[in-house]
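Trainee: Mind having a look at this structure? Questions to follow.
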Amino acid sequence: YLLCDLTLVVCGDISSFCFFFLMIRRPPRSTLSSSSAASDVYKRQPLDFALQVGDFEPHRNEADLATMACSAKHRTLGDFHRLVSGEIVLPCPIHFIGGNHEPWGLLDSHDGAPHTLAPGVHFLGRAEVHCIGGLRVAGLSGIYREQDYQSAHPHHSLIQYRSNKDYIGFNTADISQVISAANTQDHQSLLECRLIATYDRLAETCGIGVEGLQHLVARYKKTSMQGDMAPAARKMLTRILGGDAETTTHASREQFVRCLSNQAEGWSAKRRLSFMERLDGAQQHAQGLVDVLITHDWPARVAPELNRRPGARVRPTGNEPARVLAEELSPTLMICGHMHCAFRCGLGRTSVCAVGRVPSKHSVAVFEAERKSDGEMVITEVSECADLPPLEFDEPSDSGSDSEQAPGEC
């Protein structure tokens, strides 16, 4: 069931280097210095889940590899097949979006919808909003390509007749889909998030026993505590505890969320929304339509000046549709990759976190998330970012042509 307080890791472009995830709990010195706060968090805490920003490259076999847009010299199978076979067991679930270097013949096999590719590995879809661990997470797969932005995605069955590059971009329909999904959020998932916030607030004040549930009953009935709410509260507690009612007098968070969310499954959308309005923490929309936004490329105009290696071609930083999406959704955190360098900035109320390419030093970031009693989600980075290197692309100098396209290029 959903959690309120959690620790998550953000991972950069992996390029099918799945063995990297085995380092998550205790990374080597070459990945994170032993003195860094991120390393300390890794060592002392389990992680609830990982969010990955694209270019995951989940190739099961050579057939999948053949559907990736990439030059021959960068086309490697990697070790994702070891996850599929069970040889590698992940320390936490991974949720990822698609980048420009992906086996789109595989990812689009469900027509762009979310699906699970291996134990603990979940593709978030082309353009979707999910509730993960109590966080509302929006994902936009692909990169901006002006020539494809107004066009529909070609069907995956045609990939053998099309250029692989025809599948790597997002379009206007994807942008609209994410915004629509964020505005018409899954009420059941939202209810679970609100129930978690309500449970935590009651647990801090008077507990989830008869006394605490009296406050909840009064709120639901829109009445004061002057009347006797104890009978209704006892009835609710018995229903929540089920078979444990004879041995305990207080409900756990799992029992509380499971019982009330199951009860609401048969309700109409209007009744469910009305119930959520009466719960504590009903201000999520005022804080932003989602908590986290994942895009592969950066939003435009966040890093106007970049250091480039000698011989590297000049290319724009970020794209305007990603910025428009971030401004529309106003997430607490926006994460992205693609440029193979780490960067932090603010965009209104949104913290933007760009991570480097695995397994570079700044290819991961650790965050702690906590939902306050008023519904606001607070997401704090616990790894030190003060020592980020000068902003510089990690790109080969021979990447000038499409025929020699290197990972990270648009």
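Trainee: Which value results for Rg/Rh of region 63-143 when Rg is the Cα radius of gyration and Rh the Kirkwood radius based on the inverse mean 1/r? Intermediate values should be presented prior to the final figure.
Mentor: Details: Rg = 13.3 Å, Rh = 13.7 Å.
Rounded to two decimals, Rg over Rh is 0.97.
Trainee: Also, quick follow-up: Extending each Cα 7 Å along its Cβ direction at Gln160 and Ser268, get the distance between those two points in nm, one decimal.
Mentor: Taking the simple label geometry, Gln160 and Ser268 are separated by 5.1 nm.
Trainee: Moving on. Cα convex hull of region 325-370: how many Å³ per residue? Don't jump to the answer; show the numbers that get you there.
Mentor: Values: hull volume 3.5 nm³, N = 46.
So the per-residue hull volume is 76 Å³.
Trainee: How much length is gained on full extension from Glu327 to Arg82, taking 0.36 nm per residue of separation minus their Cα-Cα distance? The partial results should precede the final answer.
Mentor: On the way: separation 245, 0.36 × 245 = 88.20 nm, distance 3.92 nm.
Between Glu327 and Arg82, full extension yields 84.3 nm more.
Trainee: Solvent-accessible area of Phe96, probe 1.4 Å, all protein chains present, reported in Å² to the nearest ten, please.
Mentor: Accessible surface of Phe96 is approximately 0 Å².
Trainee: For region 80-200, what are the per-bin percents of Cα-Cα distances with bins 5 Å wide, up to the bin holding the maximum?
Mentor: 2, 10, 17, 19, 18, 14, 10, 6, 2, 1, 0
Trainee: In region 321-365, what % of DSSP beta bridges are antiparallel (nearest 5)?
Mentor: Values: 5 of 9 bridges.
The antiparallel fraction comes to roughly 55 percent.
Trainee: Could you look at region 99-179 and say what percent of its accessible area is carbon and sulfur, using a 1.4 Å probe and all protein chains?
Mentor: On the way: 1460 of 2980 Å².
Reported share for carbon and sulfur atoms: 49 percent.
Trainee: Once R0 is set to 22 Å, what does the formula 1/(1 + (r/R0)^6) return for the Cβ-Cβ distance between Thr172 and Ala113, expressed as a FRET efficiency to the nearest 0.05?
Mentor: 0.70
Trainee: Report the FRET efficiency, 1/(1 + (r/R0)^6), for Val89 and Arg301, where r is their Cβ-Cβ distance and R0 is 56 Å, rounded to 0.05.
Mentor: Efficiency at R0 = 56 Å is approximately 0.85.
Trainee: Within the set of other residues whose C-beta is less than 14 Å from the C-beta of Gly120, count the net charge using Lys and Arg as +1 and Asp and Glu as -1.
Mentor: Summing Lys and Arg as +1 and Asp and Glu as -1 gives -1.
Trainee: Right, another one. For Phe96, what is the net charge nearby, where nearby means another residue's Cβ is under 11 Å from its Cβ and Lys, Arg count +1, Asp, Glu -1?
Mentor: Result for the local shell: -4.
Trainee: Using a simple spin-label model with points 7 Å from Cα along the Cα→Cβ vector, what separation in nm is obtained for Glu320 and Lys235?
Mentor: 5.9 nm
Trainee: Of Asp13, Asp5, which has the most accessible area and how do the rest follow, probe 1.4 Å?
Mentor: Order by accessible area, largest first: Asp5, Asp13.
Trainee: Please arrange Glu327, Glu146, Glu376 by accessible surface area, largest first, computed with a 1.4 Å probe and ligands excluded.
Mentor: Largest accessible area first, the list is Glu146, Glu327, Glu376.
Trainee: Express in Å², to the nearest 10, the accessible area of Leu6 obtained by rolling a 1.4 Å probe over the protein heavy atoms while all chains stay in place.
Mentor: For Leu6, solvent-accessible area is about 10 Å².
Trainee: Moving on to the next point. Sort Lys361, Lys165 by heavy-atom solvent-accessible area, probe 1.4 angstrom, most to least.
Mentor: If we order Lys361, Lys165 from most to least accessible, we get Lys361, Lys165.
Trainee: Oh, and also: At 1.4 Å probe size, with no ligands or nucleic acids counted, give the accessible surface of Ile335 in Å², nearest ten.
Mentor: Surface open to solvent at Ile335 totals about 0 Å².
The values are calculated or read from the model by the stated rules, or taken from the named source; none is laboratory data. This structure is a prediction, so every number in the text was calculated from the model and none was measured. Backbone-built Cβ (ideal geometry, glycine too); neighbour counts: all protein chains shown. Heavy atoms of the whole protein, side chains included, go into the accessibility calculation; ligands, DNA and RNA do not. Shrake-Rupley method; radii C 1.70, N 1.55, O 1.52, S 1.80 Å.
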